[in-house]
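Trainee: The following block contains the structure, expressed as structure tokens.
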Amino acid sequence: MPTRAIHNAGTATKRRARTPRRRRDPIGYRESRHENLPHVVKFSGGRSSGMLLFELLERGLLDSSRGDVIVFNNTSAEHPETYCFVEACRSRSQPYGIPFFATEFQTYEDVHRGQWTRLPAYRLVNGMPRSAGNPDGFHWRGEAYEELLSWSGYVPNQFRRTCTSRLKLEPTRRFIRDWLAGRPGIQRLGHHHPVPQIDPQARFRIHRKHNGKMPEAVFLRRHAYCWSRPHVRPQQHYRDLCPEWRPFSNRRADNGEYVTLIGLRGDERRRVDRVRARGGHDTEHDGEHVYMPLDRIGIGRDDVNAFWSRRDWDLNLPADAGLSNCVYCFLKGGENLQAVHRRMKHNAGAEWPGFGPLAGTPCDLGWWIRMETEYVRDLAAENCQVRSGVERIGFFGARKASYADLEQNRLTGAPLRMPPRCDCTE
Ligand code: SF4
């Protein structure tokens, strides 16, 4: 039983002096040398990965001198309560001395193959919303998400999950690469001109040269938001964002290897199997050795809820509301999205304490409708060979429901044809 498994792990911890370390903790290292590699805890901002984080901290399984670090990726489309929970976990983890960082997707301008262009990167953000007085704060009105759509030109869908890869996986990999370099921060990226240098017409000519078929007006409109964003990724010092940061010796990580710890539960078989499939049985990927301790010791949703019921802080969202991750994530499925909308429509015009009005943000279905309208792939307009009946590819793929349909179906009660639940892998 999962609960017994937790207790067994705790009993094993008490036998520390007599038991070899790889047998006594819930991580279950596949190779003993992995225990000495830097450990990266991928914290998604949900209850499961929060439980994993505090189990690791409270059992003393993380070590700042080994280069261990906690990372959260901000999509800028999460619920305000998720941001509050992330900040609570960040501040409660401080006494353990393990650095905790949040990354956010951004692009910067530079020359690539002799032309000015925008390149993908990330920046580090602190625990408060961004404002004029807090330039290192996090975005929560969909800015990073829209920058990605504007940069790539299209919305993601279940077969082309650019949001997962560009907003979560890549920023984490880039951050880890920087982290393992052992420097005191991340370097400035971008040119030194005071203003952006991109010539939209030149970018459109390049689009055409590469057989792009988007009409000029559509091309320019789609990329305008990205080109209006900050054109430099500033230099950032770890200590400015995380007072717990200390230099660490990364000699053991010279070959770029590290351990990642992911909070997937034992009852999330499909997600666990997909992470496993990413790199074969041992889930090795670019020097990454992935471990899923909650799955390993059979922790399920009830165990996670029981864990948080014993704490004096928690994610202040109903456990069954489906509001974690991006609020209206297209992978949550028709029924869940209907339920999300029933809850969120009452808040859409409200002001969230500490944040501001939710109207026009990813907490408002209108934001998702706008994203889909502006960045949908219109095959007819692009003169693409149109397969029978396929004219547009939106968040829900070809010939599937749209966010506008979601709003209308709420009115008519008609069923939505949508893919299954959100499966955004940390
Ligand atoms: S939660 Fe959904 S919308 Fe957000 S990054 Fe993941 S797959 Fe994309």
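The values are calculated or read from the model by the stated rules, or taken from the named source; none is laboratory data. Keep in mind that this is a model prediction, so the values were computed, not measured. All Cβ positions, even for glycine, are placed from backbone atoms using ideal geometry, and neighbour counts span all protein chains on display. Calculation scope for accessible area: heavy atoms of the full protein, side chains included, ligands and nucleic acids excluded. Shrake-Rupley method; radii C 1.70, N 1.55, O 1.52, S 1.80 Å.
Trainee: Just to confirm my filter: which helices (runs of 4 or more DSSP H) fall fully inside segment 280-347 and include at least 2 residues that are within 16 Å of the ligand (Cβ to nearest atom) and in contact with a Leu (Cβ under 7 Å, 6 or more places away or on another chain)?
Mentor: The qualifying helices (runs of 4 or more DSSP H) are 334-344.
Trainee: List the residue pairs whose Cβ atoms are under 8 Å apart, where the first residue sits in segment 98-110 and is over 14 Å from ARG130 (Cβ atoms) and at pLDDT 95 or above, the second is aromatic (Phe, Trp, Tyr) and open to solvent by 10 Å² or more (accessible area, probe 1.4 Å), and the two are 6 or more positions apart or on different chains.
Mentor: PRO99/TRP245; THR107/TRP151; GLU109/TRP116; ASP110/TRP116
Trainee: Right, next: Can you say whether ALA121 is within 16 Å of the ligand (Cβ to nearest atom), closer than 30 Å to PRO247 by Cβ and in contact with a strand residue (DSSP E or B) (Cβ under 9 Å, 6 or more places away or on another chain), as far as the supplied structure shows?
Mentor: No; evaluated as a whole, the condition is false for this residue.
Trainee: Select from segment 161-178 the residues that are within 16 Å of the ligand (Cβ to nearest atom) and basic (Lys, Arg) and write down the one among them that is least open to solvent (accessible area, probe 1.4 Å).
Mentor: Going through the qualifying residues, I end up with LYS168.
Trainee: Looking only at segment 140-160, count how many residues are open to solvent by 20 Å² or more (accessible area, probe 1.4 Å), touching a residue at least 40 places away in the same chain (Cβ under 8 Å) and within 18 Å of ILE393 (Cβ to Cβ).
Mentor: 4
Trainee: Further question on the same structure: If you check GLY356 against the conditions, is it open to solvent by less than 60 Å² (accessible area, probe 1.4 Å) and within 16 Å of the ligand (Cβ to nearest atom)?
Mentor: For GLY356, the condition - open to solvent by less than 60 Å² (accessible area, probe 1.4 Å) and within 16 Å of the ligand (Cβ to nearest atom) - is not met.
Trainee: May I pose another question? Go through segment 87-139 residue by residue and tally those that are open to solvent by 10 Å² or more (accessible area, probe 1.4 Å), on the phi < 0 side of the Ramachandran plot, outside any strand (DSSP E or B) and not polar (S, T, N, Q).
Mentor: Residues that pass the stated criteria total 14.
Trainee: Looking at the structure I just gave you, is ALA404 over 30 Å from LEU264 (Cα atoms), among the small types (Gly, Ala, Ser) and modelled with pLDDT under 80?
Mentor: The answer is no for ALA404.
Trainee: Given ASN336, ASN305, ASN316, which one is open to solvent by 40 Å² or more (accessible area, probe 1.4 Å) and touching a Gly at 6+ places or on another chain (Cβ under 7 Å)?
Mentor: Just a single option satisfies the conditions, and that option is ASN336.
Trainee: Before we move on, is ASN134 of a type in the set (S, T, N, Q), away from the ligand (no atom under 14 Å from the Cβ) and without any contact (Cβ under 8 Å) to a residue 60 or more places away in the chain?
Mentor: Considered against the rule, which asks whether it is of a type in the set (S, T, N, Q), away from the ligand (no atom under 14 Å from the Cβ) and without any contact (Cβ under 8 Å) to a residue 60 or more places away in the chain, ASN134 comes out as yes.
Trainee: When you go through (1) at pLDDT 95 or above; (2) surrounded by 13 or more Cβ atoms within 10 Å (Cβ to Cβ) one by one for ALA224, which number turns out not to apply?
Mentor: (2)
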